[in-house]
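The values are calculated or read from the model by the stated rules, or taken from the named source; none is laboratory data. Only a predicted model underlies this, so the values are computations on that prediction, with no experimental measurement involved. Cβ: placed from backbone, ideal geometry, glycine included. Neighbour counts: every protein chain shown.
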C-alpha cells in the first residue's frame, strides 16, 4: 500500500470536514435576542394600531406592522387590588393565577431558562415581586424599581452591586426615561462587548399607571376636552360589588364628571405617547447596532384600566377594559402585519418565546405556546377564557359570549361581545338566552375545576346591589405629585 497516497487522501478528507464545519458554523443562524417591553395599566385600545384614532403611538404601531398583534390577549386576573403583582408573577412563571398567586420566590422564571440556554439576561424597571426573585432571574440590572406605585418624577432605583445584588435606592429622573436609558445602555454595552451570546432583556415601565402626571414636555399634549369619553362611560357603576373604594377608584369623585374623565384621558394618553417615544429610542439603538432583525420584541401590558368605563377608574373588575391587554410580537419566525383573534393569556408568552428562540419546552408552565398560531399551523390554543378577581368576581368568555358572576351579590351579567363589545346590554335575565346562560355557567364551573379555583359562585350571605355613591369619600395617597394634587384633589385634605 502507498502510505503517502493514503495519508494524502486522509488529509483531503480532514480538510473537507474542517471546511464544511466552518461553513456550517458561519451559515448557522444565531439564536435571536429577546427584548420584552412591559407597560403598566395600559388598555388594549390605548394604541393607534388597535383602531384608536386619537392616540399617537407610531413606534408601537410600527412594531405591530413589522410583526403580529393578538387582539384577544388577557390577564387572568388578580387576588387583590394590585392586579399587576399577580399578572407579573403569572407572566414570568408561565403559571395560572391559582398556581402562582403573586409570589415568585423559589419559582422557575422565564429569564432563568434563557440564562441556562446561554443568554445574557438583563432587567430594568418595575419589579412588583420579591427582590430575591429578581436577583435569581437576571445576571445584569440597571435602574430597578422594587414596588408597585411610584411618583414618576421621584422613583427610587437600584443597580446591581459588585456581588450581583440590588444595592441601595437612589433617584435619577422621570421613570419612563430612566428605564429606557437602562435598556439602551445595556444594548450598547452588549454590542460593544463582541460577545456571541444572545441577550434576554426585560424592560418593565411604570407608565401609564397613575399618578396621571406626564413628563413636563408632554403635559397638554392632548388638550383637556379634546378626547371623547369612552363609549361605555357611566357616572357611577350601576351596582355594588367587591370594594368600590379600592385605591384606584379614589382618583376622582362620584359621580364621575365627564370633564374630569376627559382630563384623566388627556394625561393617560400623554403618558402612553411619551412611553412610545422612549420605546422608539430603544428600537433605534437595536437598529444602530445591527440587532433589530435578529431580535424578538414583545410589547405587552400587565392589565387594562377602566379610566371612566362603567363608572370605574381601575383594573379591579372583569370587564374587557380591565382584562384585555395589548400583545405584539415581532422578530424571526413571526409573520409581518398580522392580527390574530385567538384567545390567549399573558402567561402564554413564556412557552411561546421559548419555542421561538429554540429553547427546550418548559415543563412546569400552564401557558400554551402561540408559535403554532404564528406559523399558521393552528388558529387557536383554547376555545374559551376564564378570568377571576379576588373571591368576588368570576368570568368566562368565548369568541361571542361573556358571562360575569358576582357571588357575593348573587348577580350575573351576560353579554354578546359580537354585538355589544362595550358590555352595555346585560342579557342574563332575557329568557331568549337562558340556554346560553346555562351553558356559560357550566363552562365557568368547568374552568374553576380545571384551574383549582375553589371559590363558591354563590356565597352564604348575599350583600345588596344598591349603594349610595354620595357616601363614598376619598383622599390622595403619598405618591401623588403636586401636578395631580392640584388637578384632581384640590380642596381635599391629604
Out of curiosity, is residue 118 closer than 22 Å to residue 189 by Cβ and assigned to a loop (DSSP other than H, G, I, E, B)? yes
Verdict on residue 101 being surrounded by 19 or more Cβ atoms within 10 Å (Cβ to Cβ) and assigned by TED's automatic domain parsing to the domain that holds residue 178: no
Might you let me know whether segment 61-71 holds any residue that is more than 13 Å from the chain's Cα centre (by Cα), under 22 Å from residue 218 (Cα atoms) and surrounded by fewer than 24 Cβ atoms within 10 Å (Cβ to Cβ)? yes
Does segment 185-217 hold any residues that are crowded, with 19+ Cβ neighbours inside 10 Å, outside any loop (DSSP other than H, G, I, E, B) and touching a helix residue (DSSP H, G or I) at 6+ places or on another chain (Cβ under 8 Å), and which are they? 187, 199, 200, 201, 202, 203, 204
When residue 293 is run through (1) buried (at least 21 other Cβ atoms within 10 Å of the Cβ); (2) at negative phi, the failure sits at (1)
Output yes when any residue across segment 387-404 is loosely packed, with under 14 Cβ neighbours inside 10 Å, part of a loop (DSSP other than H, G, I, E, B) and under 24 Å from the mean Cα position of the chain (by Cα), and no when none is. yes
Scan segment 343-365 for residues that are crowded, with 21+ Cβ neighbours inside 10 Å and in contact with a strand residue (DSSP E or B) (Cβ under 9 Å, 6 or more places away or on another chain) and jot them down. 344, 345, 346, 348, 349, 352, 353, 356, 357
Residues in segment 132-147 that are within 18 Å of the chain's Cα centre (by Cα) and surrounded by 20 or more Cβ atoms within 10 Å (Cβ to Cβ) total 3
Residue 460 vs (1) surrounded by fewer than 16 Cβ atoms within 10 Å (Cβ to Cβ); (2) in contact with a strand residue (DSSP E or B) (Cβ under 7 Å, 6 or more places away or on another chain): all pass except (2)
Please go through segment 444-492 and give me each residue that is assigned to a helix (DSSP H, G or I), under 18 Å from residue 408 (Cα atoms) and without any contact (Cβ under 8 Å) to a residue 24 or more places away in the chain, ordered by number. 445
Of all residues in segment 38-63, count the ones that are more than 9 Å from residue 326 (Cβ to Cβ) and in a helix (DSSP H, G or I). 6
Take segment 235-264 and flag every residue that is in contact with a strand residue (DSSP E or B) (Cβ under 8 Å, 6 or more places away or on another chain) and in contact (Cβ under 8 Å) with a residue 60 or more places away in the chain. 239, 241, 242
Only one residue in 94, 125 is more than 25 Å from residue 276 (Cα to Cα), at pLDDT 95 or above and either in contact with a strand residue (DSSP E or B) (Cβ under 7 Å, 6 or more places away or on another chain) or buried (at least 16 other Cβ atoms within 10 Å of the Cβ) (or both). Which one? 94
Residue 260 - would you say it is outside any helix (DSSP H, G or I) and surrounded by fewer than 24 Cβ atoms within 10 Å (Cβ to Cβ)? no
Need the failing condition index for residue 269 against (1) closer than 30 Å to residue 486 by Cβ; (2) in contact with a strand residue (DSSP E or B) (Cβ under 7 Å, 6 or more places away or on another chain), just the number. (2)
Considering only residues that are crowded, with 24+ Cβ neighbours inside 10 Å, in contact (Cβ under 8 Å) with a residue 60 or more places away in the chain and more than 10 Å from the chain's Cα centre (by Cα), which ones fall in segment 299-312? 305, 307, 308, 309, 312
